[in-house]
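Below is one structure, written out as structure tokens; comments come after it.
The values are calculated or read from the model by the stated rules, or taken from the named source; none is laboratory data. Because the structure is a prediction, the values reported are computed rather than measured. All Cβ positions, even for glycine, are placed from backbone atoms using ideal geometry, and neighbour counts span all protein chains on display.
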Amino acid sequence: MKKVLTSILMIIMCLIVVSPTVLASQSPVDVAKQEKQNIDKQYNPKGMIVTTEDGQILYNYHDKKQVDPASTTKLMTMNLIYDDIKSGKVKMNDKVKITSRYEKMSELPNLTTFPLKQGETVTINQLLKQAALESSNASTLVLAEHIDGNSSKFTDRMNKKAKELGMKNTKFTNPSGANNKVLQPYEPKKYKNDTISHTSARDMAILSTNLLKEHPDVLKITKLSKDTQSNQELHNTNTSLPNEADAMKDVDGLKTGTSDNGYNLELTAKRHHLRIVTGIFNVMPYPNEQAKHARQKLANALTEHAFKQYEYRKVVSKGEHKIDDKEYEVKKDLYDLVPKDKKKYKLKVSKDNRLYVDYDRQFIKDHHAPSVKVEATTHWGMIFLYILMAVVGLVLLGMLTIIGIKIYFKNNK
């Protein structure tokens with residue numbers, strides 16, 4: 001009996017390790033252990049989510065819980081600026097004159113890690129790099145004021161965009177993500193009584209997915225480990241980038257965040273046509289170097305785990321296929337994200353004749369599984385053969401009936 005119980009427990013443990021549907025019940029630290037990352041449980045984040053660039057949720061851990069986004073807020077700021085560039089409102093090479101006000105902003109110890117000097121001219125591209133790499137709060141405020149006249153208007157736009165995207169648990173209080181008490185006297189006046197922004201891991205996944213879809217060029221900045229401006233080097237705070245302290249293969253963005261509420265990271269990597277986006281929020285304690293690196297290691301481990309579990313590939317080619325014992329003509333190739341274990345999914349045809357891959361899966365708002373049009377195949381040759389056989393059968397039946405009648409009358413004369 002003891003051996004039977006042991007065997008059952010072993011089977012259950014195996015299912016927990018490999019099943020994508022069970023994965024969400026495990027803590028990030030537990031999943032990281034499967035990737036040979038032994039991280040203390042105290043570094044479990046307040047919220048975490050792993051998605052694809054198409055919005056499929058591969059893992060979630062308290063992903064709707066309210067968290068402090070800190071400087072990952074700058075992803076929304078960048079999203080709006082890229083929107084403005086796309087619409088022609090501003091250009092990447094537009095020049096911004098640094099005023100006395102902007103210089104004073106950059107001199108506050110909590111506002112910047114990169115100085116701005118009165119009289120110098122910088123481009124929007126340079127300010128974006130300062131905000132994305134060094135996480136300069138001053139550069140973010142300068143961008144907001146330059147584009148919209150004041151940071152209150154820009155923050156209004158941030159919240160409007162969040163609402164449009166369906167970020168239901170989000171409110172931004174400034175373009176940088178810092179506490180407004182720290183930004184004084186440069187905080188958005190309309191939001192001066194609101195101290196910190198709040199969001200959720202899922203909402204930030206919605207934001208990152210939109211940013212990558214609408215403005216993939218953002219990766220040209222977020223993938224940089226360093227940059228040089230005015231003979232000074234900018235260093236990216238994302239240490240999961242190649243050749244950095246917590247380097248992971250194929251990482252090319254997006255943004256870190258740090259506040260009294262802990263360490264955050266929106267991380268993305270692309271491998272074999274599959275892009276993964278991992279968000280981790282409020283890793284504590286703060287300040288703590290081990291917690292800061294645990295943030296990176298956890299994000300790396302769960303991203304790597306997703307790559308091992310799933311692949312993006314052509315599932316069905318255009319042409320004729322037998323699905324659920326029925327013949328269909330598939331109108332175009334179907335590409336989709338599927339578990340690498342083929343036993344964990346199957347093909348299905350919907351009532352409106354759409355072919356899709358069926359397995360336990362979730363998506364963020366306004367995203368869904370891909371599908372392609374199919375038509376039930378009509379084999380006219382077989383139909384003709386069936387008709388011919390039916391006709392022949394009727395003729396034979398008629399002949400046998402006539403013969404039978406003749407025999408009957410002959411025997412009864």
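Check Tyr345, Tyr356, Tyr335, Tyr312 and return the single one that is within 30 Å of Asn169 (Cβ to Cβ), without any contact (Cβ under 8 Å) to a residue 40 or more places away in the chain and of a type outside the set (Asp, Glu). Within the list Tyr345, Tyr356, Tyr335, Tyr312, the selection yields Tyr356. Here Thr73 does not fit the description of being assigned to a helix (DSSP H, G or I), touching a Pro at 6+ places or on another chain (Cβ under 6 Å), surrounded by 15 or more Cβ atoms within 10 Å (Cβ to Cβ) and touching a residue at least 24 places away in the same chain (Cβ under 8 Å). Taken together, Lys168, Lys161 contain a single residue that is closer than 14 Å to Met78 by Cα, in contact with an Asp or Glu (Cβ under 9 Å, 6 or more places away or on another chain) and among the charged types (D, E, K, R), which is Lys161.
Listed conditions (1) in a helix (DSSP H, G or I); (2) in contact with a Leu (Cβ under 6 Å, 6 or more places away or on another chain); (3) under 17 Å from Ala299 (Cβ atoms) are all met by Ser106, apart from (3).
Among the residues that make up the stretch 318-333, is at least one of them under 29 Å from Gln37 (Cα atoms) and not β-branched (Val, Ile, Thr)? Among the residues of the stretch 318-333, not one is under 29 Å from Gln37 (Cα atoms) and not β-branched (Val, Ile, Thr), which makes the answer no.
A quick yes/no check of all residues on (1) touching a strand residue (DSSP E or B) at 6+ places or on another chain (Cβ under 8 Å); (2) at pLDDT below 95; (3) assigned to a helix (DSSP H, G or I); (4) among the aliphatic types (A, V, I, L, M):
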| position | (1), (2), (3), (4) |
| --- | --- |
| Leu141 | no, no, yes, yes |
| Glu145 | no, no, yes, no |
| Asn159 | yes, no, yes, no |
| Lys163 | no, no, yes, no |
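Is it the case, given these coordinates, that Ile16 is part of a helix (DSSP H, G or I), within 27 Å of the chain's Cα centre (by Cα), over 30 Å from Leu165 (Cβ atoms) and at pLDDT below 95? Taking the combined requirement at face value, the residue satisfies it.
Total residues in the stretch 342-358 satisfying the condition of being surrounded by 13 or more Cβ atoms within 10 Å (Cβ to Cβ) and either assigned to a loop (DSSP other than H, G, I, E, B) or touching a His at 6+ places or on another chain (Cβ under 7 Å) (or both): the figure is 2. When we screen Lys213, Lys129 for residues that are among the charged types (D, E, K, R), out of contact with any strand residue (DSSP E or B) (no Cβ under 6 Å at 6 or more places or on another chain) and within 30 Å of Thr228 (Cα to Cα), the only hit is Lys213. Looking only at the stretch 283-318, filter to residues that are β-branched (Val, Ile, Thr) and not in a helix (DSSP H, G or I); which one of those is farthest from Ile49 (Cα to Cα)? Top of the filtered list is Val316.
If only residues of the stretch 331-341 that are more than 15 Å from Glu375 (Cβ to Cβ) and crowded, with 19+ Cβ neighbours inside 10 Å are counted, the one that is nearest to the chain's Cα centre (by Cα) is Leu337. Summed over the stretch 287-330, the residues that are under 26 Å from Thr377 (Cα atoms) and either surrounded by 15 or more Cβ atoms within 10 Å (Cβ to Cβ) or modelled with pLDDT under 95 (or both) give a count of 14. Among the residues of the stretch 271-286, just one is buried (at least 18 other Cβ atoms within 10 Å of the Cβ) and farther than 19 Å from Asp203 by Cα, namely Leu274.
Does any residue of the stretch 180-203 turn out to be within 17 Å of the chain's Cα centre (by Cα), of a type in the set (Ser, Thr, Tyr) and not in a loop (DSSP other than H, G, I, E, B)? The answer is yes, given that some residue of the stretch 180-203 is within 17 Å of the chain's Cα centre (by Cα), of a type in the set (Ser, Thr, Tyr) and not in a loop (DSSP other than H, G, I, E, B).
Restricting the stretch 220-240 to residues that are assigned to a loop (DSSP other than H, G, I, E, B) and at pLDDT 95 or above, the residue that is surrounded by the fewest Cβ atoms within 10 Å (Cβ to Cβ) is Ser225. Of the candidates Gln56, Gln42, the single residue that is surrounded by fewer than 16 Cβ atoms within 10 Å (Cβ to Cβ) and modelled with pLDDT of 95 or more is Gln42. The set of residues from the stretch 241-276 being farther than 17 Å from Asp217 by Cα, in a strand (DSSP E or B) and in contact with a helix residue (DSSP H, G or I) (Cβ under 6 Å, 6 or more places away or on another chain) comprises Gly257, Thr258, Ser259, Tyr263, Asn264, Leu265, Arg271.
Confirm whether Met48 is farther than 27 Å from Pro285 by Cα and not basic (Lys, Arg). Here the answer is no, as Met48 does not meet what is asked.
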